[in-house]
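The structure appears right after this line, and notes come after that.
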Protein chains: 2
Amino acid sequence: MHGGLLRHVTLSLSVIAVSMIPSTTTTTLGDEGMYLFNDLPRELLKQKYDFQPSDQWADELRLSSVRFNSGGSGSFVSSSGLVLTNHHVASDTLQKLSTEDRNLIKDGYLARTHEEELKAPDLELNVLIEIVDVTDRINAAVTNKTNPDVSAKQRQGAIASIESESLEQTGLRSDVVTLFGGARYHLYRYKKYTDVRLVWAPETAAAFFGGDADNFEYPRYNLDATLMRVYEDGKPATIEHFLRWSDTPVSDGDLIFVSGHPGRTQRIFTVEALEYLRDTRLPFVLDYLRRKEILFQQYQLEGNEASRRGRDELFGIQNARKAYTGMLAGLQDPQTIATRRGRQHRLIAEANNNPQLRPLVSAWQEIAQIQKEKAAQLTKSVSLRSDLIQLAMSILLLAKEDQKPNEDRLAEYTDASRESLLNRLTSPAPLYDDLQRVKLADEIALLLERRGMGDPLVQEVLAGRSPREVAAEIVDQSKLDDPEVRRELIEGGLNAVLGSDDPAMRLARVLEPEFRANRAVGDQLSEREKQAYAKITQVVSAVEGTGGYPDATFSLRLAFGTVKGYVENAKEISPTTDFDGAFAHAEAHAGQDDFDLPESWMNAKDKLDLSTQLNFVSTADIIGGNSGSPVVNREGDLVGLIFDGNIQSLTSDYLYTDQQARAVSVSGVAIREALRGIYETESLANELGR
Amino acid sequence: MHGGLLRHVTLSLSVIAVSMIPSTTTTTLGDEGMYLFNDLPRELLKQKYDFQPSDQWADELRLSSVRFNSGGSGSFVSSSGLVLTNHHVASDTLQKLSTEDRNLIKDGYLARTHEEELKAPDLELNVLIEIVDVTDRINAAVTNKTNPDVSAKQRQGAIASIESESLEQTGLRSDVVTLFGGARYHLYRYKKYTDVRLVWAPETAAAFFGGDADNFEYPRYNLDATLMRVYEDGKPATIEHFLRWSDTPVSDGDLIFVSGHPGRTQRIFTVEALEYLRDTRLPFVLDYLRRKEILFQQYQLEGNEASRRGRDELFGIQNARKAYTGMLAGLQDPQTIATRRGRQHRLIAEANNNPQLRPLVSAWQEIAQIQKEKAAQLTKSVSLRSDLIQLAMSILLLAKEDQKPNEDRLAEYTDASRESLLNRLTSPAPLYDDLQRVKLADEIALLLERRGMGDPLVQEVLAGRSPREVAAEIVDQSKLDDPEVRRELIEGGLNAVLGSDDPAMRLARVLEPEFRANRAVGDQLSEREKQAYAKITQVVSAVEGTGGYPDATFSLRLAFGTVKGYVENAKEISPTTDFDGAFAHAEAHAGQDDFDLPESWMNAKDKLDLSTQLNFVSTADIIGGNSGSPVVNREGDLVGLIFDGNIQSLTSDYLYTDQQARAVSVSGVAIREALRGIYETESLANELGR
């Protein structure tokens, strides 16, 4: 779920980034925490688990960990560049590599030779090489503290300069990450892999066994795993740091670690920020997601080929809808907010009693005020969620931003971001006209619904035609579905872009002024939020002590926990499942959609060791983006692969608990057993961990 | 679809009834029109089709026509009480008669003897016996023309008195119908049948072949038909007026008539009223429907039994969602409104030039103003769509309204309405706890989302608990799911109801004050709308001439048209299909959900005359509520059974066209052929029309 969730969280966040601030050690619960690799909780691990990670242990784990730009995590698992991730993280690539005659998502894939490994059209993997603290340099650059428009510009300019210098010096992808809501800035340097090839994927029936019904549920029996391979210079890359593969299944009570890229948490959020989520933002997003879910369902009813074309997007939407539904239900429990309100009142009271902290108290009102302004912005977005229009808009903005000095550009258009951006904009991934028409018509209809027919922008977009007519015209006549046409336009620069009469580009030009205006408001809100949360962080640190971990930022983190069952409806849920359970589960749900195991499994049933562990749960603190993260034991050997959280974990965006909330993993032993017994690839099974 | 559509249109209309005003002959298009049986378009039919219906022809058709209180139409087709309607109109009953071991919706049913005919738990059929014009009496009662609260009360009081007098005098169900937006009031007297039994229903795979994908599409191949039988004194009723069954399939160009109960049209709506639909009401309703669609889908994923329990409601929701989507898309075409705006400008200009009409022009502003007030009311509803809470609320209101004189009561609680109301409130139809929990929890969550956690009513409902907890407590502890408990409570009167500590009743009491406040606002808006549209009707009549038909009111109407194909995407669509086409369609969509014909069809394929006509389209003017309407020829013999409109007809709520819009029917010959060849019931086939 997490890859899908993350991708859609990103989509639905509009332009306003969320600030990230730490909880602190004094308030962490159980195995809570997503720790920075340069600030591991050594004391805590020693106290609680008598575990003292060596520097080498941590470095190996970090350098074996991989980030997927499609919104997930992974790990190196062989010296020849084999990368392990989830099927549902790889599904973006599987979708793009599929054709009417080759449905890789549904049917899976196995490359018997390197030659058969299929190059992903636009996948980028990142390995974290180095973290540098650049807080002082950025703080020095922000000289204006009163006008958020100016300070945001100064901050953004400093970040752009640091990133571009670093790129030039090291050749490494260089991203400045805002931590603790702006109290800390770290420069993350990544080695980048852009030649990534598909090696093996199971069938959806195995990877997503139980479908939407079982998603976020436990017990589970899913082989949500895929293997890819990174290449350099056209050959499998030689990888120095990769994970060994444990032959031992996990046991109840085992200490385990998760090294991955949690996307976003909101644990520092004030009561008013959570109320905004509960009363405004999440209901709004859910209406949007349900709209798109029905739209894609309807599109897919058109036939088997439509069903194939829309599959990955529908999965992502359903996944996000289910996740947000759980999140909202958690917030709608008055006890959730009551607990937070108690703590907030204490913090404010203590701060008011302390002359040094008292000036910081206004930050809570500022956050409350910002929520109101966010609500007012909610329906103003003109970022049509159409691939064609988004490509056109990106190309237009790129050409325009290129006219400015690097430090003045929108964040996505700086020098440091260029290579990844170009990779994405010229991706050969297919765009299907029928699906594009459906998506664009609905987005234009939504623009009309949100802004009303009288809105001048709506009038300009429609020009007397219906949303369907506009969409049909654009999709039928635009040439931007051809990556070569996009490349030429980008290379042609501003004149080519402004002179283009491609209808998608024309629409992008119509939308641009409003897009920029919204973006400016969003950036300003984000800057003010940063400043306010930084103050709140100061109060928290002063009142409750320092330490802990920053909210998630889709950068590498270490979580830890134990393999542990839980009690649900007065029933003990065992922490592990096995292949035998998978076959029993299929039988128990015979006749229901998505509960048929694939033919390959049915054929292999007699050959398999059915007692092999298949999935397990642990108390590790994970969130969307952690999908595909390796789970390692005390020795740093791979024992599992994160692929889901249970229903009870859906509130972990803003609240970690270990009472029932669990991270769900595929067992390492299951993957090896399946490769041998079901997919009959002894060579791949043997390559794991070597 | 129409039954489902109608049911859900009713559901989603909140408390504000819609006024109904006529288009006029001068502006009708093609075969437009849903005519009153006491004002048939004799001149038009003579001119256009050289057809002069005799009084006997019209009386026979009227007395053979049946209204279903579940939201559809039907007809008597034998002297022994056989009633023909759609499977999707009967599905409400099929659902209520089904159990875990007997899935009548999915598997169909055939009673081989009268003893095997299954009594519907709460179905009421109405046959229109007489129409009396009571306009003068009502107008005389409304003495106050300035205060809409007072005039609404006066009007409602007069209606209640007329209905109750009529009931007493005739023993017939007596409903006053508001026509032409309040320019005319007619008293409709119905014979009522409440012992209705299921005789035959096909499988859903035959009735709804092609599922949601093919819904509203054409060509179609559906056997959307069901036979029921009315009983009196425990025996099949002897029916004097019933339709003969034609053995001849329809042909291209045939004149046909539809006698049924169209639910609601909005053809008199002003531009501002349509804009309110487009910009506010329909997007709001669609968000609601999509929310419920996903909710039911998720519930049904719990297993086969959940899937069975939720089936009919999900069908209704999907059907309404698809219909409203089409309706909104039509309104979002700027040309739709532009055409209407042109006419409106002309009407206003002409009225302004005429001293007698000039005072009426303010009606357009009044309608515009009412739309704004409606928009403000939209999210205020406290009518939780939970069966349990709706039953509790009705019982509470009944007890309270009973304390008032008949003329002062809310319309649903007058003496004339009592018997039907009690029938509904004590229905033995099952309520399933798991489904009730899901529905109620979502409605409470929605109340919270719409009104915010700070709302006093929300605070009172939640009392510190989450929506799920509140719903679980109510559903687990309420006894109102037992019809006997409801009957006792009703018989116990006000003291029993106010003293009840049943949690569903407690919640109803909490909601009641706000419910009444909203209702009062709604009634007032409705009264003002009536007065304004009555003025607009005067202008229309003066400017464009009189005549025509009133907007639909779920009362009996006659429509006419011809069997006629159309052109779509430059392709000729033939007006008729046959059984051969059904088998070909199944083959063409092999592997897609809902495209497998049932086993009974596959087994019978060789015995069937595959060239038998199965479905046909015509230009008759129909809408939701017409589902199940008989289609008759010039001789008044049954040739078909309305079951759907095509996609192009979805705008017919506010705009009839015959360019592509078509009514879709099952052919009479197909039903007889299927009964003989597939369902092997020669006796039933022979009973048709005799």
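The values are calculated or read from the model by the stated rules, or taken from the named source; none is laboratory data. Owing to the predicted nature of the structure, the values given are computational and were not obtained by experimental measurement. When we count neighbours, we look across all protein chains shown, and the Cβ atoms used for this are built from the backbone with ideal geometry, even at glycine. We work out accessible area using only protein heavy atoms, side chains counted, and drop any ligands, DNA or RNA first. Shrake-Rupley method; radii C 1.70, N 1.55, O 1.52, S 1.80 Å.
Taken over region B:568-589, the criterion of being at pLDDT 95 or above, under 30 Å from B:ASP31 (Cα atoms) and within 31 Å of the chain's Cα centre (by Cα) is satisfied by B:ILE573, B:SER574, B:PRO575, B:THR576, B:THR577, B:ASP578, B:PHE579, B:GLY581, B:ALA582. Identification of strands (runs of 3 or more DSSP E) wholly contained in region A:68-179 with 3 or more residues that are open to solvent by 20 Å² or more (accessible area, probe 1.4 Å) yields A:125-133, A:173-179. Residue by residue through region B:196-216, note down the ones that are open to solvent by 10 Å² or more (accessible area, probe 1.4 Å) and more than 14 Å from every other protein chain (Cβ to nearest Cβ). Passing the criteria: B:ARG197, B:GLU203, B:THR204, B:ALA205.
The condition of being in contact (Cβ under 8 Å) with a residue 12 or more places away in the chain, of a type outside the set (Asp, Glu), open to solvent by 50 Å² or more (accessible area, probe 1.4 Å) and not assigned by TED's automatic domain parsing to the domain that holds A:GLY72 holds for only one of A:LEU498, A:LEU525, that being A:LEU498.
Just to be sure before I move on: is B:GLN592 among the polar types (S, T, N, Q) and within 30 Å of B:ASP408 (Cα to Cα) in the structure I sent? Explain how you work it out, then say what you get.
Values: among the polar types (S, T, N, Q): yes; within 30 Å of B:ASP408 (Cα to Cα): no.
The answer is no for B:GLN592.
Of all residue pairs spaced 6 or more apart or on separate chains, those with beta-carbon atoms under 6 Å, a first member in region A:269-284 that is free of Cβ contacts under 8 Å to residues at least 24 places away in the same chain and a second member that is of a type in the set (Gly, Ala, Ser) are A:ASP279/B:GLY452. Here B:ALA471 fits the description: within 14 Å of chain A (Cβ to nearest Cβ) and either within 30 Å of B:ASP59 (Cα to Cα) or surrounded by 17 or more Cβ atoms within 10 Å (Cβ to Cβ) (or both). Residue by residue through region B:297-321, note down the ones that are within 11 Å of chain A (Cβ to nearest Cβ) and either of a type in the set (A, V, I, L, M, F, W, C) or within 25 Å of B:LYS380 (Cα to Cα) (or both). Across region B:297-321, the qualifying residues are B:LEU301, B:ALA306, B:ILE317, B:GLN318, B:ARG321. In the set (1) part of a helix (DSSP H, G or I); (2) of a type outside the set (D, E, K, R); (3) at pLDDT below 95; (4) open to solvent by 20 Å² or more (accessible area, probe 1.4 Å), A:TRP57 fails one condition alone, (3). Looking only at residues that are at the interface with another protein chain (Cβ under 8 Å from one of its Cβ atoms) and not charged (D, E, K, R) in region A:274-296, which one is farthest from A:ASP101 (Cα to Cα)? Within region A:274-296, the match that is farthest from A:ASP101 (Cα to Cα) is A:PRO283. Any idea which of A:SER629, A:SER618 is open to solvent by less than 20 Å² (accessible area, probe 1.4 Å) and touching a Leu at 6+ places or on another chain (Cβ under 8 Å)? Exactly one residue qualifies, and that residue is A:SER629.
Across region A:573-615, the qualifying residues are those that are in contact with a strand residue (DSSP E or B) (Cβ under 7 Å, 6 or more places away or on another chain) and farther than 22 Å from A:TYR679 by Cα, and the one among them that is surrounded by the most Cβ atoms within 10 Å (Cβ to Cβ) is A:PRO575. Screening the candidates A:ARG346, A:ARG341 for the property of being assigned to a helix (DSSP H, G or I), open to solvent by 10 Å² or more (accessible area, probe 1.4 Å), within 14 Å of chain B (Cβ to nearest Cβ) and of a type outside the set (Asp, Glu) yields one hit, A:ARG341.
Number of residues in region A:547-590 that are of a type in the set (A, V, I, L, M) and over 27 Å from A:TRP601 (Cβ atoms) equals 6. Do we find a residue being polar (S, T, N, Q), within 14 Å of another protein chain (Cβ to nearest Cβ) and surrounded by fewer than 16 Cβ atoms within 10 Å (Cβ to Cβ) anywhere in region B:403-419? No, because not a single residue in region B:403-419 is polar (S, T, N, Q), within 14 Å of another protein chain (Cβ to nearest Cβ) and surrounded by fewer than 16 Cβ atoms within 10 Å (Cβ to Cβ). If you filter region B:590-605 down to residues that are modelled with pLDDT of 95 or more and in a loop (DSSP other than H, G, I, E, B), you find that the one that is nearest to the other protein chains (Cβ to nearest Cβ) is B:PHE595.
A:ARG184 meets all of the listed conditions (1) at pLDDT 95 or above; (2) open to solvent by 60 Å² or more (accessible area, probe 1.4 Å); (3) touching a strand residue (DSSP E or B) at 6+ places or on another chain (Cβ under 8 Å) but one, namely (1).
Is it the case that some residue within region A:260-272 is open to solvent by less than 20 Å² (accessible area, probe 1.4 Å), assigned to a helix (DSSP H, G or I), of a type in the set (D, E, K, R) and more than 14 Å from chain B (Cβ to nearest Cβ)? No, region A:260-272 contains no residue that is open to solvent by less than 20 Å² (accessible area, probe 1.4 Å), assigned to a helix (DSSP H, G or I), of a type in the set (D, E, K, R) and more than 14 Å from chain B (Cβ to nearest Cβ).
Residues checked against (1) in contact (Cβ under 8 Å) with a residue 12 or more places away in the chain; (2) more than 30 Å from A:GLU682 (Cα to Cα):
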position: A:LEU128; (1), (2): yes, yes
position: A:ASN144; (1), (2): no, yes
position: A:SER166; (1), (2): yes, yes
position: A:GLY171; (1), (2): no, yes
position: A:GLY181; (1), (2): yes, yes
position: A:LYS191; (1), (2): yes, yes
position: A:ALA201; (1), (2): yes, no
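As a summary of the residue check, A:ALA534 satisfies the conditions (1) open to solvent by 50 Å² or more (accessible area, probe 1.4 Å); (2) more than 14 Å from chain B (Cβ to nearest Cβ); (3) assigned to a helix (DSSP H, G or I) except for the one numbered (1). Just one of the numbered conditions (1) closer than 25 Å to A:PRO121 by Cβ; (2) under 28 Å from the mean Cα position of the chain (by Cα); (3) in contact (Cβ under 8 Å) with a residue 12 or more places away in the chain; (4) open to solvent by 10 Å² or more (accessible area, probe 1.4 Å) is not true of A:ALA441: (1). The set of residues from region B:422-438 being under 30 Å from B:ALA160 (Cα atoms) and open to solvent by 10 Å² or more (accessible area, probe 1.4 Å) comprises B:LEU422, B:ASN423, B:ARG424, B:THR426, B:PRO428, B:ALA429. Checking the structure you have, find out if any residue of region A:512-521 is assigned to a helix (DSSP H, G or I) and either of a type in the set (Gly, Ala, Ser) or buried (at least 23 other Cβ atoms within 10 Å of the Cβ) (or both). Yes, because at least one residue in region A:512-521 is assigned to a helix (DSSP H, G or I) and either of a type in the set (Gly, Ala, Ser) or buried (at least 23 other Cβ atoms within 10 Å of the Cβ) (or both). Cβ-Cβ contacts under 6 Å between residues 6 or more apart (or on different chains), taken from a first residue in region A:648-676 that is in the same structural domain as A:ASP247 (by TED's automatic domain parsing) to a second residue that is among the aliphatic types (A, V, I, L, M) and surrounded by fewer than 20 Cβ atoms within 10 Å (Cβ to Cβ), are listed as A:TYR656/A:LEU29; A:ARG672/A:ALA685; A:LEU675/A:ALA685; A:ARG676/A:ALA685. Screening A:PRO334 against (1) within 26 Å of the chain's Cα centre (by Cα); (2) open to solvent by less than 30 Å² (accessible area, probe 1.4 Å); (3) without any contact (Cβ under 8 Å) to a residue 12 or more places away in the chain leaves a single unmet condition, (1).
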